[in-house]
Each structure stands twice: as structure tokens, then as C-alpha cells.
Amino acid sequence: MNYPVITEHVLESVQGTWWSRRRRRDDVPTLPPGAVYVFRVGGNYRVFPEGMVFDESHPDVLDASSVTLVDCRARLVEVERTLPSVSEADIFTIRASFTCQVADPTVIARQGVIDVAVPLRAYLLGDSDMPKVSAGHRVEEINAVRAEVARRMTAFSAVVPPRVAGMSVEFVGVEVTASDSLRAWEETLRNERRNGQLSQFKIDVETQAAARIAEVLAQGSDHVDAFGIARHEIDVTEAAARIHRHTGEEATRSHDAVLAERAHKRAQDAAEAQMRRDMVLTLLRQMGSGEQYVDYHQVLEQVLRETGGRTGVGTGTSDVPMVEQGATSLSAPTSQARAMPPGDRRESFVQSEDDLVD
């Protein structure tokens, strides 16, 4: 940067008599805003009066051997310095800021301060103890280095303030910038972290959407149809026709199920009745064989239990006889009853089928 000296030009001497001497306007560069002319006349530097219209016949302009354009506005100047870290592969870069303003343009022109950053960088390098602040830190510990460098620079500028001849200079602040490698690494970590958060956010959104859909489905097809109609994804007429058709199908299935259940019940009752008839007939056949003693009371109780207490067995209104057709009646007394010993508990029982015949 060209500050505070903007440019310097060597001027040729002007020939002629004293009343006709005049320097050409093209020999002197145009003055930008905020700058002043400083002419070198002999061994002296003289400032052209500020605010005065440029006069080609002014003595300083005619006798000057060179002209310097000096920027007198205040500027913020930044200078950098590198500091070591605990690793030889990484360094810290500090950037100090100073406010500068020209106080004496003639001194600036004499010193030829074309770039004020040069003396300020020399000032920043003048603190020989600054590297000790960062030498014990890793590059990832940049925040700790920032705090220590700020304290160090504040103290150093208070004890040894920055000075540039012909200018007023003040220390403003200092910052420690991250290295390119650390910045790239942190950017990679940040991007990966953001990608992970974005993926998790998408999963959460999909999970919530799935839960809402499941809740809608759990409330039945009518609610689903209403949800689709509200989102203009289902036509009302189509939904009504489908509901009507579904209701008719449900009624048909329910009627068929009732008929099937009744048929199954009738078949089951018939099978049970047939089983009871077969069981009673089997018992009666065994009783008619007369091969062994039969406790008729016990048989009767068993038959009544099996038939549910009914006196007959069958599915109609008429009772089925306890014996097959053509068998001898069980109610008549028999003349061939065997004699029973006195006190025998079997004497009260019918001993054979003949005793049951009237």
C-alpha cells in the first residue's frame, strides 16, 4: 500500500525570465482528496498551502526539484507476524491493528515513508518475548493463545508505544488467525457435524410423519378417507361409493357367517344326539346279554347323566325306547330269578331281563 506517501515525482527546472517563468500544469500530478503537495526546494521541504488554488507561478512550484503527494487522512493499518507452536509443523499468525495519521507532511516527505506498514512491522517484531507466549501451545489451543497475545500486546504497547516520524500512531488491537490447515480441519468437522445433524433431523421428521400416519390409519378407514379428502388427494364421490360397497360386503360376510354358525351348531347337536343314542343302545345290549351282574340303578344314573337328565334319547319330540324293538320289557318280574341269600344287598335289584317283564 502507498500510505502516507502516495507518489513522488522529479520536476525539471523552469527556464525563462522571472516575469515569464511558469511551470506547466502537466508536470505536477493531480492531487487526490485528503492529500497535500510537498515541494522540495533546495534542501528544504515545503507544503503547498492547503486549500489554495494551485498556482503554476508560485515560487515553490517554480523552484522545486521534486514533489511528493502525502495522504493526511487517518487510516487503519494492519501488520502480521508469525509465532511458533509446540509443533514445528504448525504456526500461529497474529495481526495487529494501528490507527495512523500524518502530523507533519514535510517530515513524511523527507523520510520517504511510502508504506507505513514497514516500520509498524518492525515495531511488532521488536517484542522478542512474544514467541514464548505461543511456543507451549498446540495449534488447536488457539483461543488460549489469543488471550495471552492480547494481554502481551496491550502491556508492550503501553510500555513501548509505536512511533513513526511525522505521524501519530496508536495500537488498536490484535487477533490470532487460524492456520489454513486448522481452518480446513475445522471446516471438515463442522460440515460432517452439520451433515449428521441434518440426517438425524430428516430421520426425526420421517419418524414423526410415520407416527402421524399410523395414528390416522389406526382410527379406521373412514378417518383415512377424511384425511385424504382434507388434503385433496381423494374425491368425495369415490370415497362415498367405496364406503357403500364396503358396507354391503361386510353385511354379506356377516350374514354368511351367521348361517355357517347355525349349520355347524345343528350338525354338532345331531352328532351329539347320535352319539348318545349309540351309547345307550350299547349299554342296553350289554345288559341284555345277562352274562354278568348289572347294577341297573347305576346304569340309569349314568344314562341320565349322559343324556342331560332326559328320559328319552333323540332329536325329535318322541322319546326313543330304552331297549331295541322286540326286546323283552325290563319292568316285569321274572320267575327265574336266582335265589339270593338273606341280607344280600342285590336282592332288591333285577337279576335279569326276564324279571322286568310284567
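The values are calculated or read from the model by the stated rules, or taken from the named source; none is laboratory data. Just so it is clear, the structure is predicted and the values come from calculations on it, not from any experiment. Here the Cβ is made from the backbone with ideal geometry for all residues, glycine too, and neighbour counts use every protein chain on show.
Quick check: is even one residue across region 31-48 aromatic (Phe, Trp, Tyr), surrounded by 14 or more Cβ atoms within 10 Å (Cβ to Cβ) and assigned to a loop (DSSP other than H, G, I, E, B)? Yes, region 31-48 contains a residue that is aromatic (Phe, Trp, Tyr), surrounded by 14 or more Cβ atoms within 10 Å (Cβ to Cβ) and assigned to a loop (DSSP other than H, G, I, E, B).
For Gly166, the test of being more than 29 Å from the chain's Cα centre (by Cα), free of Cβ contacts under 8 Å to residues at least 24 places away in the same chain and on the phi > 0 side of the Ramachandran plot is failed. There is at least one residue in region 35-57 that is within 60 Å of the chain's Cα centre (by Cα) and of a type outside the set (Lys, Arg). For the criterion of being β-branched (Val, Ile, Thr) and in contact with an Asp or Glu (Cβ under 8 Å, 6 or more places away or on another chain), Val53 fails. Only a single criterion out of (1) touching a strand residue (DSSP E or B) at 6+ places or on another chain (Cβ under 8 Å); (2) closer than 30 Å to Leu11 by Cα; (3) of a type outside the set (A, V, I, L, M, F, W, C); (4) touching a residue at least 24 places away in the same chain (Cβ under 8 Å) is not satisfied by Gln111, namely (1). Identify the residue in region 170-192 that is assigned to a strand (DSSP E or B) and not aromatic (Phe, Trp, Tyr) and, among all such residues, is modelled with the lowest pLDDT. The selected residue is Thr177. Across region 114-121, a minimum of one residue is classified as more than 28 Å from Arg40 (Cα to Cα) and either out of contact with any His (no Cβ under 8 Å at 6 or more places or on another chain) or among the aliphatic types (A, V, I, L, M) (or both). Against the list (1) under 30 Å from Ala150 (Cβ atoms); (2) out of contact with any helix residue (DSSP H, G or I) (no Cβ under 6 Å at 6 or more places or on another chain); (3) outside any helix (DSSP H, G or I), the condition Glu233 fails is (1). Within region 49-66, being touching a residue at least 24 places away in the same chain (Cβ under 8 Å) and surrounded by fewer than 17 Cβ atoms within 10 Å (Cβ to Cβ) holds for Phe54, Glu56, Ser57, Ser65, Ser66. Among residues of region 25-40 that are of a type in the set (Gly, Ala, Ser), those with a beta-carbon under 9 Å from a residue that is assigned to a strand (DSSP E or B) and surrounded by fewer than 19 Cβ atoms within 10 Å (Cβ to Cβ) at least six positions away or on a different chain give the pairs Ala35/Ile6. Of all residues in region 120-140, those that are within 16 Å of Val86 (Cβ to Cβ) have Cβ atoms under 7 Å from Cβ atoms of residues that are polar (S, T, N, Q) and surrounded by fewer than 16 Cβ atoms within 10 Å (Cβ to Cβ), 6 or more apart or on another chain, in Arg138/Ser87; Val139/Ser87.
Here's the yes/no breakdown for (1) under 17 Å from Gly173 (Cα atoms); (2) of a type in the set (A, V, I, L, M, F, W, C); (3) touching a helix residue (DSSP H, G or I) at 6+ places or on another chain (Cβ under 6 Å); (4) part of a strand (DSSP E or B):
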residue: Gly51; (1), (2), (3), (4): no, no, no, no
residue: Asp55; (1), (2), (3), (4): no, no, no, no
residue: Asp60; (1), (2), (3), (4): no, no, no, no
residue: Ala89; (1), (2), (3), (4): no, yes, no, no
residue: Arg95; (1), (2), (3), (4): yes, no, no, yes
residue: Val118; (1), (2), (3), (4): no, yes, no, no
residue: Leu124; (1), (2), (3), (4): yes, yes, no, no
residue: Asn143; (1), (2), (3), (4): yes, no, no, no
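Scan region 47-64 and tell me whether some residue there is touching a strand residue (DSSP E or B) at 6+ places or on another chain (Cβ under 6 Å), among the small types (Gly, Ala, Ser), closer than 30 Å to Arg121 by Cβ and modelled with pLDDT of 85 or more. Within region 47-64, none of the residues are touching a strand residue (DSSP E or B) at 6+ places or on another chain (Cβ under 6 Å), among the small types (Gly, Ala, Ser), closer than 30 Å to Arg121 by Cβ and modelled with pLDDT of 85 or more.
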